[in-house]
Amino acid sequence: MCLDIDDTLIDFTAAGRSSLESLIGRADMWPLWERITDDHVARVVAGDLAYADMHTTRTRAFLAELGVAVDAAQAGEFERRRKERLWRSLRLFDDVLPCLEWLVAAGVKLAAVTNASGGHQRDKLARLGLAGFFDHVAIAGEMGVAKPDPVMFHKVCSAVGCDPARAVHVGDKLTTDAVGARDAGLGGVWLDRRGRDDVDVPAGVHVLRTLSQLPELLVSEFARLGVPVQR
């Protein structure tokens, strides 16, 4: 079982949005921040930008879009203050611990799979009490490949000793997580916490509204695959 981290296990968007808003005094800039962050993370994964430089470079690009020119030191201070607020705000979704406890009790191997670019993801898992649940943590910035590239999913399956056809990946992004996993030969599950009924879900992708629905889905999926699950 592969699980995305941000906005699947951890309510990252709420924490990130509130920390950014408190710094700039505006509530409408989160989409811009996400777009610029995604661009910079992709550069790290591609090897075009060092992870150590990513945060200040991203922050300078973001502030430049707002018409504010800062040097590296000022961007670093902005990042320090933002991260302090972010870490204080991070929370698990209520359905996470019961789901993970069930998966462990059922004897399912677990991997956390993230497109983030640095080891701070391990810090988040540890700080929020999740690290002990996972047999493997896959971070795109360390691997040089990211979801939805099939190589990412196949490397994770290899790390936990599982054939892709007997694995399932769950994430909050329909294309990056669910469709990407399906196309790589895994079971693809979209965790749609917002209940977006207007979205056209591709064939072969399962949809969950909450992780509390995952055990029932897995029991049926594992039964189909001929893999016993303890209950």
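With respect to the conditions (1) hydrophobic (A, V, I, L, M, F, W, C); (2) assigned by TED's automatic domain parsing to the domain that holds residue 216; (3) surrounded by 14 or more Cβ atoms within 10 Å (Cβ to Cβ), residue 78 falls short on a single one, namely (2).
Can you tell me which residue among 220, 158, 212 is surrounded by fewer than 17 Cβ atoms within 10 Å (Cβ to Cβ), touching a helix residue (DSSP H, G or I) at 6+ places or on another chain (Cβ under 8 Å) and not in a strand (DSSP E or B)?
Working: 220 fails: touching a helix residue (DSSP H, G or I) at 6+ places or on another chain (Cβ under 8 Å); 158 fails: touching a helix residue (DSSP H, G or I) at 6+ places or on another chain (Cβ under 8 Å).
Step by step, each of 220, 158, 212 is checked, and only 212 is surrounded by fewer than 17 Cβ atoms within 10 Å (Cβ to Cβ), touching a helix residue (DSSP H, G or I) at 6+ places or on another chain (Cβ under 8 Å) and not in a strand (DSSP E or B).
Among the residues making up segment 173-231, those that are at pLDDT below 95, of a type in the set (A, V, I, L, M) and under 18 Å from residue 108 (Cβ atoms) are 217, 218, 219, 223, 225, 227, 229. For segment 145-195, the set of residues classified as within 23 Å of residue 215 (Cβ to Cβ) and among the basic types (Lys, Arg) consists of 166, 173, 182, 193, 194, listed by residue number.
The set of residues in segment 33-55 being within 21 Å of residue 148 (Cβ to Cβ) and of a type in the set (D, E, K, R) consists of 34, 35, 38, 39, 43, 48.
The values are calculated or read from the model by the stated rules, or taken from the named source; none is laboratory data. Predicted model, so just to flag it, every value in this text is computed and none were measured. Cβ sites come from the backbone with ideal geometry, for glycine too, and all protein chains shown count toward neighbours.
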